[in-house]
Amino acid sequence: MSTVIEHIVLLKVKPEASDEDIKKLIEGAQSLRTIPGVISITVGSTFAEEWMPDRRNGHTHTLSCRLQSKEALRVYQDHPLHAQVKKECMLPVLAEPPMAVDYESVVVLCDSTEK
């Protein structure tokens with residue numbers, strides 16, 4: 001069974017960040033899909049529905065990157081585009097350093113006929 005690496009980043013964007021700042025952050029993060037070894041990138045605003053407790057702890061946005069391997073994670077972290085996006089699109093709008101975690105997992109797909 002093959003595995004993937006999940007790289008999850010929680011972001012706290014400054015309250016004064018403009019819509020244009022947020023757009024730049026999202027588009028910059030989405031551009032990371034071109035780095036070798038990246039399977040997918042998702043990025044978006046966090047939310048809490050009225051029926052659920054707010055578990056965000058101030059995190060306003062999340063980035064999730066799925067990679068082919070631990071070696072691909074190293075390529076991603078060291079890639080010049082990653083450094084550029086972090087420096088130009090992310091760090092200027094963050095209220096504090098991002099929180100990131102990485103883990104290895106088997107991907108289990110749902111069978112749509114079971115639903």
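The values are calculated or read from the model by the stated rules, or taken from the named source; none is laboratory data. Computed from a prediction, not measured in an experiment: that's the story for all the values here. Reconstructed Cβ throughout: ideal geometry from the backbone, glycine too, with neighbour counts over all protein chains shown. The protein model used for the area step is the full one, side chains on, heavy atoms only, and it has no ligands, DNA or RNA in it. Shrake-Rupley method; radii C 1.70, N 1.55, O 1.52, S 1.80 Å.
Points to keep in mind about this one:
- Averaging the Cα positions of each part gives two centres, and for the stretch 20-40 and the stretch 52-107 these lie 10 Å apart.
- Pair ASN57, LYS70: separation of 7 Å Cα→Cβ label points (nm): 2.5 nm
- At most 16 other Cβ within 10 Å, DSSP loop - trypsin sites (Lys or Arg not before Pro), the stretch 7-98: ARG55, ARG56
- Using 0.36 nm per residue and subtracting the Cα-Cα separation, the extra length available between ARG33 and GLU49 on full extension is 2.8 nm.
- When only alpha carbons of the chain are considered, Rg and Dmax amount to 15.5, 46 Å.
- Rounded to the nearest 20 debye, the dipole magnitude of the chain is 260 debye, with +1 charges on Lys and Arg beta carbons, -1 on Asp and Glu beta carbons, and the Cα centre as origin.
- Theoretical FRET efficiency, 1/(1+(r/R0)^6), r = Cβ-Cβ of CYS110 and LYS87, R0 41 Å, to 0.05: 0.60
- When the helices of the chain are scored as -39500 (n - 2.57) per DSSP H run of n ≥ 4 and the total is divided over every residue, the value at 222 nm lands at -7000 deg cm²/dmol.
- The alpha-carbon of LYS87 sits under 29 angstrom from the alpha-carbons of these lysines, leaving out residues fewer than 8 places away in its chain: LYS12, LYS14, LYS23, LYS24, LYS70.
- The chain, relative contact order in percent, only Cα pairs under 8 angstrom and at least six apart counted: 45 percent
- Accessible area (Å², per residue) of the stretch 11-115, counting only protein heavy atoms and a probe of 1.4 Å: 70 Å²
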